[in-house]
4 protein chains.
Amino acid sequence: MTNAREVKVGVLGATGTVGQRFIALLAQHSFFVIHALGASARSAGKPYSKAVNWKQTQPIPSAVREMVVQECVPEHFKECAIVFSGLDADVAGDIEQAFRTAELAVFSNAKNFRRDPHVPLIVPLVNTSHFSMIPQQQRLHSPALKKGFIITNANCSTTAVVIPLAALERAFGPIESCIITTMQAISGAGYPGVSSMDIFDNIVPYISGEEEKIEWETLKILGGLTEGDDGLKAFDMHTKQPLRISASCNRVPVIEGHTECVSVRFARRPPPSPQQVREALQAYTSEAYAIGCPSAPRHTVFVHEEPDRPQPRLDRDYQAGAGVCVGRVRQCRVLDIKFVVLGNNVAIGAATSSIINAEYAVLKGLVGA
Amino acid sequence: MTNAREVKVGVLGATGTVGQRFIALLAQHSFFVIHALGASARSAGKPYSKAVNWKQTQPIPSAVREMVVQECVPEHFKECAIVFSGLDADVAGDIEQAFRTAELAVFSNAKNFRRDPHVPLIVPLVNTSHFSMIPQQQRLHSPALKKGFIITNANCSTTAVVIPLAALERAFGPIESCIITTMQAISGAGYPGVSSMDIFDNIVPYISGEEEKIEWETLKILGGLTEGDDGLKAFDMHTKQPLRISASCNRVPVIEGHTECVSVRFARRPPPSPQQVREALQAYTSEAYAIGCPSAPRHTVFVHEEPDRPQPRLDRDYQAGAGVCVGRVRQCRVLDIKFVVLGNNVAIGAATSSIINAEYAVLKGLVGA
Amino acid sequence: MTNAREVKVGVLGATGTVGQRFIALLAQHSFFVIHALGASARSAGKPYSKAVNWKQTQPIPSAVREMVVQECVPEHFKECAIVFSGLDADVAGDIEQAFRTAELAVFSNAKNFRRDPHVPLIVPLVNTSHFSMIPQQQRLHSPALKKGFIITNANCSTTAVVIPLAALERAFGPIESCIITTMQAISGAGYPGVSSMDIFDNIVPYISGEEEKIEWETLKILGGLTEGDDGLKAFDMHTKQPLRISASCNRVPVIEGHTECVSVRFARRPPPSPQQVREALQAYTSEAYAIGCPSAPRHTVFVHEEPDRPQPRLDRDYQAGAGVCVGRVRQCRVLDIKFVVLGNNVAIGAATSSIINAEYAVLKGLVGA
Amino acid sequence: MTNAREVKVGVLGATGTVGQRFIALLAQHSFFVIHALGASARSAGKPYSKAVNWKQTQPIPSAVREMVVQECVPEHFKECAIVFSGLDADVAGDIEQAFRTAELAVFSNAKNFRRDPHVPLIVPLVNTSHFSMIPQQQRLHSPALKKGFIITNANCSTTAVVIPLAALERAFGPIESCIITTMQAISGAGYPGVSSMDIFDNIVPYISGEEEKIEWETLKILGGLTEGDDGLKAFDMHTKQPLRISASCNRVPVIEGHTECVSVRFARRPPPSPQQVREALQAYTSEAYAIGCPSAPRHTVFVHEEPDRPQPRLDRDYQAGAGVCVGRVRQCRVLDIKFVVLGNNVAIGAATSSIINAEYAVLKGLVGA
């Protein structure tokens, strides 16, 4: 059934790092078909292969090599049902808004609307229930929209950790506090991104804005939706069961794959045992996979038994990087349980999340035919 | 005064990684003079330059190039007042014991005696007070010793974190709990140590036995000494004020310098502010420096104000790696305060600690003339 | 047709680095079916997943997870038509000989028989004509063999360079001299192989025996076969048109993919232009591909036009690493033409070559049904 | 004697990568005293510690921390006898010319004047004889100069190889041809320079303009001076004994230290043996060291006997990087002799060369008191 349909999509920021990943993934997608590519005025008018400084390990897909790049204005994307945005934050705000107003469904990897009270921040293996915010987003827009909306996905380092946290909350109830130390790959900073002089044989124990993103986005994603007396929905930010998160973010000399050391304390006493945690993580399934999103991974969380896994070089490509890998589940002497999670920052941490979100919207009939 | 004296020393395990560091440091020491080198039977009888696979960035010191390597038996070290042990754990136990019995002062970097109830585990910038255990160690030995004793220094990852923790306890009273995530350099594993295939473009989130060492050694170092009814001293393991420590250890692709993210909770309420913590760390001084140990650093803890420091490549050689660098002191949403500490694992984390311990013992008259 | 057939194969040295690659490739092969696994006595009797320290980026193929590892003796491989050998050189000689004597077709990646005057050294994209030596190898064996033989493939650094050299000789006649400087990946040294302490932030300008291999193997591969007065064939080692080769080999901090800078001088004057060289390389085709070997690449030599390619990280996986990539074809001020070639040392430089050789033998009917 | 004098110097481009190195070296110089710092208008007026993004492993020298940065105009440098230029090529031309016209002695690391027919290109361990071009440079300037002149040093990759080549020509007469393959460190590209995404786990077989620099600069440096009928001196570019050089340049994942594989053919037949070459390299001395330049190395060329040296990580800091290390001297099957040379690109390959050139000029009385 899904294969029968064909959905035309556009990619905004097509020449950038995230845009290239969108294209590499969409070029072999079972029902999305790349129909238009948008980039800056400097690239517009050129065939894609001339406009891009292609940095992927596979060649430029033949379907887009000669496709002429457009400026990022809605009229060039009229025939698309969906646009994926890999735009930089400094331009994403205005452009994505214009596309929404032009009744396009925008799936954005940019951070600009993540904190918008009407825009869902969706990690597709966690909180697809937040899609229910779309009608309100459309209704409150001026003018009201019929088809246009914006869905964002989370920051790469948030995505990796929020998936096992969601699995734990589903199984054992609210988490009360959580300390996270990340070791993040250089690809998370885009291109040219991190200077080799800054990261060779080195650790940079700081990534601007990153800790705040983890601490804030996690609350929005794991929190539910509340409905006020005025009938309006709002993101509850996990406030009913306050969740304190403390993140420390580090850049490490790894190309791809964010590794994060996590300690959690549960509200429930006594807390689950490491073995119960392992089983709950392994058993966790996503609605996105259940309804047939083709890019959703079968194993949302793969739990390693070996003492020294997950490792980014060996495990980041498991299931094409669409799930996360957890290992070293054990007791924490300060909080309750600690573990290591690995998430592929350029797959589930970026373009893959947007694509699964879009697949979900298509399969649920949320995107106009 | 110190320059006037000259103290003959031996190095056990002289051809190994730690032994090479001992030699590089001792060759330019102001009062220690390398007098004998010990290694395995395979190396014995050869000039040092033939026996060693020298891996340091400076050339082999000329003073030892032609020195003939001996087997590790006390009679070859009779003229030494001190021996430094860089032996591997599988042989260090018996050899160090034999040297102590032969009335030599042994300063060991090996782990074998760290948990011995009569052997001090001394990080020289923290707990030189534990030297007071030596008379009891000698008295209880059979036969009782006059000059022989064993002093160990801590594991490299313990050393880096215990220094700022000691500074914080001195200023603000007991720490109640502490979560530590380490990012440890490959040189910590010796040579050949970590296979390049395991660590290039990779993180290994596990180092065998390392988390236990941090969690246990820190208690012995930060705890005081108690005296029982029988008049015997014992290490109190911080039991009067229980300290819970949870460590997660990772191997990262960095050559030298262990970076550790630390969150602490103080017993005292309210806890100190980040600024108070910064000042306390910066103000912390060691007795070793105060009494004139030539290898003790002037700044025990250097506190960085820049948001992205310390970094191993830029900061590991500050003060020849004899102090530690701290940065990013800020509030922790779960515990009280969090920060990053960098310790040079091959300097203060290993040979430099042993040497300062020995300097201290000499200056305090604990080593026989 | 080929898919219809099914050929049972064994893997010797199955737990080693090369053996793991054989298994990863064979597990998804269109007509080879892994039937038996051989390793040392220490591994024998265990299921493969317990015996191996698996280091590949894909999981252990399910077909071999529970397969019980055998000792490397022919009786356990009786049902195999072919055995692939990823054995270490210290044991490969005796074991491969025993398997040949037991009438098995042995395709070996080990170096032991490469210099044997009756064993072809075949880079399958270059000199499949050397398969014609098999009947003589069998006839001269004592006792004479009906089905057993040994085929070796070349050293990884030889393989990368010999492919473009073969293309150039086919198009422009004999090469007279060739200077090669290699930059070889750490995976070429196996596991644990190169210590991280030796190669992080470093170059090692020496690989034991490697320069001699390039200089000697290239002559055997590019040379033809001569027939003596006694009717016996011999490898002519390029002696009719002497070819002088000078290689300098370096280990570099790259995980996979050998990059080699090559300068050549042709016998023919005037020599071809860079553009002619580019065209000849691009046009070069292998007989292995022509007859339908499924693992043979469509583009034997991919010629890059961009000035800064090939690069190992971006290009080593092109065509699953089965071809080579060439770039920077330009004039050399000392010899005639210079260029850069990249060969995937763990694919065409090792297991993939053995597998294509075996595919060729099967398709040509050289392996007993 | 030299210590008695004190020479005030300025640094142009003081906040850049090369400028930082000049400052780190000059801050501990025996007779140069940093008197003025020049940078762009953006930095001018700020104390140096605020203007610079300091990236060296030692702290900012206290002598310059508070020194106020000036714009790069001669009036701010009036009291300096010498200015060192670490300017970028896009501004170096005009500024250096202005400083020369203002009667300042300019020692430049920029490339702008390297090909000027009146400006010497001096590697101080090789061709200090080219200082004799200064009077003509001054005389032909309009207006004629009394004290101002420009001296450039060579590109980093040229410097490393030209030193052993000079040693060989001194001992064995002209070299006829030379093939060079470089493996160059990332620090050669400045800061931010090479993106980590481009060079992690990778080789880039191309550095823009680099091969041409090696091939051209080497001729200017190794060639002598000729005098025409008009009495004018000119650089002879090795034309009396034509020298053909072919360079292939690669960027490798190494922080510091360029490694180069070199093959040479001598004009003289028979050529020297490897042992003769080793002895000639080891015996080579520089006039700069002979006359007492404090930064000139005692061993111009250190010859390694071990088969696997020099290595950048272990050998780049030998003699503070002021000499070069050679190893693997052996026969080449195509040319005569091949070897590996390592030069520290940020020391002798850049600032150190400029400083030794200036020391030489001071000791020779070429710089006004």
Is it true that some residue in the range B:50-65 is over 24 Å from the mean Cα position of the chain (by Cα) and either of a type in the set (D, E, K, R) or in the same structural domain as B:Glu256 (by the TED database) (or both)?
yes
Give the number of residues within the range C:317-355 that are within 18 Å of the chain's Cα centre (by Cα), closer than 13 Å to C:Cys261 by Cβ and without any contact (Cβ under 8 Å) to a residue 60 or more places away in the chain.
0
Need at least 1 residues that are away from chain A (no Cβ under 14 Å) per element, so show me which helices (runs of 4 or more DSSP H) inside the range D:154-263 make the cut, counting only ones lying wholly within it.
D:156-172, D:210-222
Where in the range A:274-323 are the helices (runs of 4 or more DSSP H), entirely inside, with at least 2 residues that are of a type in the set (A, V, I, L, M)?
A:274-283, A:287-290
Looking at C:Gly327, C:Gly292, can you tell me which residue is touching a helix residue (DSSP H, G or I) at 6+ places or on another chain (Cβ under 8 Å) and of a type outside the set (A, V, I, L, M, F, W, C)?
C:Gly292
For the range B:90-111, name all the residues that are out of contact with any strand residue (DSSP E or B) (no Cβ under 8 Å at 6 or more places or on another chain), part of a loop (DSSP other than H, G, I, E, B) and not small (Gly, Ala, Ser).
B:Glu103
Considering only residues of the range A:225-234 that are in contact (Cβ under 8 Å) with a residue 40 or more places away in the chain and in contact with a strand residue (DSSP E or B) (Cβ under 9 Å, 6 or more places away or on another chain), which is surrounded by the most Cβ atoms within 10 Å (Cβ to Cβ)?
A:Lys233
Within the range C:298-316, take every residue that is in contact (Cβ under 8 Å) with a residue 40 or more places away in the chain, charged (D, E, K, R) and touching an Asp or Glu at 6+ places or on another chain (Cβ under 7 Å) and give me the one that is farthest from the other protein chains (Cβ to nearest Cβ).
C:Arg316
For B:Leu225, the lone unmet condition from (1) out of contact with any Cys (no Cβ under 8 Å at 6 or more places or on another chain); (2) under 23 Å from B:Arg313 (Cβ atoms) is (2)
Tell me the residue from C:Leu37, C:Leu25, C:Leu87 that is in the same structural domain as C:Gln138 (by the TED database), part of a helix (DSSP H, G or I), closer than 30 Å to C:Phe131 by Cα and not small (Gly, Ala, Ser), please.
C:Leu25
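In the set C:Ser40, C:Ser85, C:Ser108, C:Ser49, which member is of a type in the set (Gly, Ala, Ser) and over 25 Å from C:Glu256 (Cα atoms)? Even if it seems obvious, please write down each step before you answer.
Values: C:Ser85 fails: over 25 Å from C:Glu256 (Cα atoms); C:Ser108 fails: over 25 Å from C:Glu256 (Cα atoms); C:Ser49 fails: over 25 Å from C:Glu256 (Cα atoms).
Matching residue, one of C:Ser40, C:Ser85, C:Ser108, C:Ser49: C:Ser40.
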Subset of the range C:215-256 [closer than 30 Å to C:Phe200 by Cβ and among the hydroxyl-bearing types (Ser, Thr, Tyr)]
C:Ser246, C:Ser248
Could you tell me which of the residues C:Phe149, C:Phe113 is free of Cβ contacts under 8 Å to residues at least 40 places away in the same chain, surrounded by 22 or more Cβ atoms within 10 Å (Cβ to Cβ) and not basic (Lys, Arg)?
C:Phe113
Going through the range B:117-146 in order, the residues found to be assigned to a loop (DSSP other than H, G, I, E, B) and surrounded by 15 or more Cβ atoms within 10 Å (Cβ to Cβ) are B:His118, B:Val119, B:Pro120, B:Ile122, B:Val123, B:Pro124, B:Leu125, B:Val126, B:Asn127, B:His141, B:Leu145
Are any residues in the range B:317-336 within 11 Å of another protein chain (Cβ to nearest Cβ) and in contact with a Phe, Trp or Tyr (Cβ under 8 Å, 6 or more places away or on another chain), and if so, which ones?
B:Tyr318, B:Gln319, B:Cys325, B:Val326, B:Gly327, B:Arg328, B:Arg330, B:Asp336
Report, by residue number, each residue of the range C:179-214 that is touching a strand residue (DSSP E or B) at 6+ places or on another chain (Cβ under 7 Å), acidic (Asp, Glu) and closer than 22 Å to A:Val254 by Cβ.
C:Asp198
Counting only residues that are surrounded by fewer than 17 Cβ atoms within 10 Å (Cβ to Cβ) and more than 19 Å from A:Ala41 (Cβ to Cβ), how many does the range A:89-103 have?
2
Log entry, pairs with first residue in the range C:31-59 being in contact (Cβ under 8 Å) with a residue 60 or more places away in the chain, second being aliphatic (A, V, I, L, M) and not in a strand (DSSP E or B), beta carbons closer than 6 Å, six or more apart or on different chains, reads C:Phe32/C:Leu26
Answer yes or no as to whether A:Ala267 is at pLDDT 95 or above, touching a helix residue (DSSP H, G or I) at 6+ places or on another chain (Cβ under 6 Å) and over 30 Å from A:Arg139 (Cβ atoms).
no
Looking only at the range D:28-71, how many residues end up being surrounded by 14 or more Cβ atoms within 10 Å (Cβ to Cβ) and within 22 Å of D:Ile255 (Cβ to Cβ)?
7
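The values are calculated or read from the model by the stated rules, or taken from the named source; none is laboratory data. In this text, all values refer to a predicted model and were calculated from it rather than measured experimentally. Note that we place each Cβ from the backbone using ideal geometry, even for glycine, and neighbour counts take in every protein chain shown.
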